[in-house]
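Undergrad: For reference, the structure I am asking about is given below.
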Amino acid sequence: MTPSANKSGSYRVGSLLADFQPDFDFDAPLPLPIEEFEDRLRRIRRQAVEAGHDALIVHTGSVGWFHASNHYLRYICDWMREGVLIIPTDSDKPLTLLSFFTQSVLLPPGGEPVLVEDIWQIGPIGREYADRPGDSVVKTAEKCAELLAGMGLAKAQIGRIGDRTSLTFWAALDELMPKTKFVADNAILDRMQTVRSPREITLFRAAAQLISIATQAAYHVARPGVTDHEIYAAFTQAQLTYGGETGDGYQIGINEFGTHCGKPYGHVVRPGDLINLYVSNVTYRGYTAQTARMIAIGGITRRQEEVLAACTEGVKRAEKLIRPGALMRDVNNAAFEPMIERGMLASPEARTMPYNWAPMDDGSARLIPRQYVKNIDWEAQGRKLMHVYPATHGPHNPNLGHSVGMAGGQNSFNISSHNYDRMEEGMVFVLHTQWLEPLSAGCNVGDMYVVTKDGFENLSSHTPLETHRIAAEA
């Protein structure tokens, strides 16, 4: 049954985008050259030598919807699915990859690994899947141990790099190789990605341009009567058409309060709505971009205008300080000045700042307020909103921004009041100011930057930071 309030019909998306054209040309860069991966491998091996490792083992698992669990293999050898990579420290010994041990089947291209000679297919097995005995993780560990022993590394010191999906594999390898000293050493790869190469920056720039194209498509279709599904679909179609790799790395929030960090559920756009496009991840050839934009439908409240203005001004004040040598703390604090001047905050210090997902002041759990909140589109589907989100006022995060890297990677640094590091040429990051007052007002706007020799480049400059305005008339 389709609720009457949500009869938007996805068939409209094609007609809504029929005359859409982005206002700039997208120039798709080629994949990184082999030479860049060769340089990375030399640097990885050098750090392994300094750490006393005879080899490195890099594990990437698989998580839902055909995604690798981390970015490490793609960074080292451009392999975009699960695998275990053996990297001997000796430069004359080849790399060996073990893969194809999950049911998330993806075949190259894209993803033919560079610099790798042998690839071993382990195979997803088990009684239910293949009516064969065994466990794919254990089988992977067994083959890995066999290969390491064949390389003379049964009693070596080996660095291992992975994530929480690696735990069962590591445990099996520990049991199979009791005389080997394994040392967790993710920092080898994490350190290398704080500063990006010029070729990497071209890929970040392309990912940011995909966001701009998609945002312009969202602006093109957004109007009263259109649903959040249709706006989300327009955004997705536009960026995927130009080379985006995934369609699930962003959020859309629409209501009369400006609440962000949502997914589409069937909300019909109405006058007075505030729409947030919180793009946490659009990926191009493994490299991601992030921005945030606001859309106002017709007239909004005075308080909402004040919050939008404070957040927009905050990003612009912080932007002026970006340059090599700038203290990250200073950039962060500058963005919160407009909020302090308006009485929204007392201090930019993360330790003291209220934020939407904060626990209680003593560190204990916070009870989310239980209260009926009218939402006619949700109720048309037989459900009710019975809690107030967010639970408390403030920014979404107690800081301004963070590094932007490869898909599946963690932030290598946050731009916060307690970060006394200095910016360096080649650093890539997002600055997003956010503020939410429950059932009142909200904003989330941000741009993506790279530090240049003389200052910065705004990678997301093709769409203005200011709130996009759409008339209330359908």
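Undergrad: Pick from segment 437-474 the residues that are over 20 Å from ALA208 (Cβ atoms) and outside any loop (DSSP other than H, G, I, E, B): which of them is most open to solvent (accessible area, probe 1.4 Å)?
TA: Filtering first and then ranking leaves ARG469.
Undergrad: Another question about this same structure. Can you name the residue in segment 76-110 that is among the small types (Gly, Ala, Ser) and either in contact (Cβ under 8 Å) with a residue 60 or more places away in the chain or over 23 Å from PHE169 (Cα atoms) (or both) and, of all such residues, is surrounded by the fewest Cβ atoms within 10 Å (Cβ to Cβ)?
TA: For segment 76-110, the residue satisfying everything is SER91.
Undergrad: Right, something else. Specify the residue that is farthest from ILE470 (Cα to Cα); the eligible residues are those in segment 237-250 that are open to solvent by 20 Å² or more (accessible area, probe 1.4 Å) and at pLDDT 95 or above.
TA: GLY243
Undergrad: Now for a separate question. Does ALA149 satisfy the criteria of being buried (at least 17 other Cβ atoms within 10 Å of the Cβ), on the phi < 0 side of the Ramachandran plot and not in a loop (DSSP other than H, G, I, E, B)?
TA: Working: buried (at least 17 other Cβ atoms within 10 Å of the Cβ): no; on the phi < 0 side of the Ramachandran plot: yes; not in a loop (DSSP other than H, G, I, E, B): yes.
For ALA149, the condition - buried (at least 17 other Cβ atoms within 10 Å of the Cβ), on the phi < 0 side of the Ramachandran plot and not in a loop (DSSP other than H, G, I, E, B) - is not met.
Undergrad: Let me ask another. Looking at (1) more than 28 Å from THR60 (Cβ to Cβ); (2) buried (at least 20 other Cβ atoms within 10 Å of the Cβ); (3) modelled with pLDDT of 95 or more, can you tell me which one ARG422 breaks?
TA: Every listed condition holds for ARG422 apart from (2).
Undergrad: Restricted to segment 321-344, and to residues that are farther than 14 Å from SER417 by Cα and open to solvent by less than 40 Å² (accessible area, probe 1.4 Å), which residue is nearest to the chain's Cα centre (by Cα)?
TA: ILE322
Undergrad: LEU327 - would you say it is of a type in the set (A, V, I, L, M) and more than 15 Å from GLY442 (Cα to Cα)? Before the answer, list the steps.
TA: Values: of a type in the set (A, V, I, L, M): yes; more than 15 Å from GLY442 (Cα to Cα): yes.
Yes.
Undergrad: Got a sec? Which helices (runs of 4 or more DSSP H) wholly within segment 159-228 have at least 2 residues that are touching a residue at least 12 places away in the same chain (Cβ under 8 Å), touching a Leu at 6+ places or on another chain (Cβ under 9 Å) and open to solvent by 20 Å² or more (accessible area, probe 1.4 Å)?
TA: In segment 159-228, the matching helices (runs of 4 or more DSSP H) lie at 198-221.
Undergrad: Moving to a separate point now. Is there any pair with a first residue in segment 32-58 that is on the phi < 0 side of the Ramachandran plot and among the charged types (D, E, K, R) and a second that is in a helix (DSSP H, G or I) and open to solvent by 40 Å² or more (accessible area, probe 1.4 Å) whose Cβ atoms are under 9 Å apart and which are 6 or more apart or on different chains, and what are they?
TA: GLU36/ARG199
Undergrad: Shifting gears a bit: Among ARG317, ARG270, ARG342, ARG370, which is within 23 Å of GLU425 (Cα to Cα) and modelled with pLDDT of 95 or more? Spell out how you get there, then give the answer.
TA: On the way: ARG270 fails: within 23 Å of GLU425 (Cα to Cα); ARG342 fails: within 23 Å of GLU425 (Cα to Cα); ARG370 fails: within 23 Å of GLU425 (Cα to Cα).
Criteria check complete, one pass: ARG317.
Undergrad: Would a scan of segment 200-215 turn up a residue that is among the polar types (S, T, N, Q) and touching a His at 6+ places or on another chain (Cβ under 7 Å)?
TA: yes
Undergrad: What are the residue pairs meeting all of these: first residue in segment 445-474, first residue farther than 21 Å from ALA217 by Cβ and in contact (Cβ under 8 Å) with a residue 12 or more places away in the chain, second residue part of a strand (DSSP E or B) and open to solvent by 70 Å² or more (accessible area, probe 1.4 Å), Cβ atoms under 9 Å, and 6 or more apart or on different chains?
TA: Here the result reads TYR449/PHE456; VAL450/PHE456, each pair linking segment 445-474 to a residue that is part of a strand (DSSP E or B) and open to solvent by 70 Å² or more (accessible area, probe 1.4 Å).
Undergrad: Any idea which residue in segment 111-141 is modelled with the lowest pLDDT, counting only those that are assigned to a helix (DSSP H, G or I) and open to solvent by less than 80 Å² (accessible area, probe 1.4 Å)?
TA: Just the residues of segment 111-141 that are assigned to a helix (DSSP H, G or I), to begin with: 127-130, 136-141.
Narrowing further to those that are open to solvent by less than 80 Å² (accessible area, probe 1.4 Å): 130, 136-138, 140-141.
On the way: ALA130: 87, SER136: 94, VAL137: 94, VAL138: 95, THR140: 97, ALA141: 98.
Looking at residues that are assigned to a helix (DSSP H, G or I) and open to solvent by less than 80 Å² (accessible area, probe 1.4 Å), I get ALA130.
Undergrad: Would you mind stating whether ASN281 is at pLDDT below 95 and open to solvent by 10 Å² or more (accessible area, probe 1.4 Å)?
TA: yes
Undergrad: Here are some residues: ILE368, ILE415. Which one is of a type in the set (Val, Ile, Thr), touching a His at 6+ places or on another chain (Cβ under 7 Å) and open to solvent by less than 30 Å² (accessible area, probe 1.4 Å)?
TA: ILE415
Undergrad: Take the residues in segment 383-410 that are loosely packed, with under 14 Cβ neighbours inside 10 Å and without any contact (Cβ under 8 Å) to a residue 60 or more places away in the chain, then tell me which one is nearest to ALA208 (Cα to Cα).
TA: Selected residue: HIS387.
Undergrad: Which of (1) over 29 Å from GLN290 (Cα atoms); (2) of a type outside the set (D, E, K, R); (3) exposed (fewer than 13 other Cβ atoms within 10 Å of the Cβ) is the odd one out, the single condition THR352 does not satisfy?
TA: (1)
Undergrad: Could you list, ordered by first residue, the pairs with Cβ atoms under 8 Å in which the first is in segment 320-334 and at negative phi and touching a residue at least 60 places away in the same chain (Cβ under 8 Å) and the second is assigned to a helix (DSSP H, G or I) and aliphatic (A, V, I, L, M), at least 6 apart or interchain?
TA: ILE322/VAL331; VAL331/ALA318; ASN332/ALA318
Undergrad: What's the total number of residues in segment 25-68 that are in contact with a strand residue (DSSP E or B) (Cβ under 7 Å, 6 or more places away or on another chain) and modelled with pLDDT under 95?
TA: Qualifying residue count, segment 25-68: 2.
Undergrad: Related question: Are any residues in segment 33-75 crowded, with 21+ Cβ neighbours inside 10 Å and either charged (D, E, K, R) or part of a loop (DSSP other than H, G, I, E, B) (or both), and if so, which ones?
TA: Once the filter is applied, which keeps residues that are crowded, with 21+ Cβ neighbours inside 10 Å and either charged (D, E, K, R) or part of a loop (DSSP other than H, G, I, E, B) (or both), segment 33-75 yields HIS53, GLY61, ASN70, HIS71, ARG74.
The values are calculated or read from the model by the stated rules, or taken from the named source; none is laboratory data. A quick note: this is a predicted structure, and the numbers were derived from the prediction, not measured. Reconstructed Cβ throughout: ideal geometry from the backbone, glycine too, with neighbour counts over all protein chains shown. The accessibility values were calculated without ligands, DNA or RNA, using every heavy atom of the protein model including side chains. Shrake-Rupley method; radii C 1.70, N 1.55, O 1.52, S 1.80 Å.
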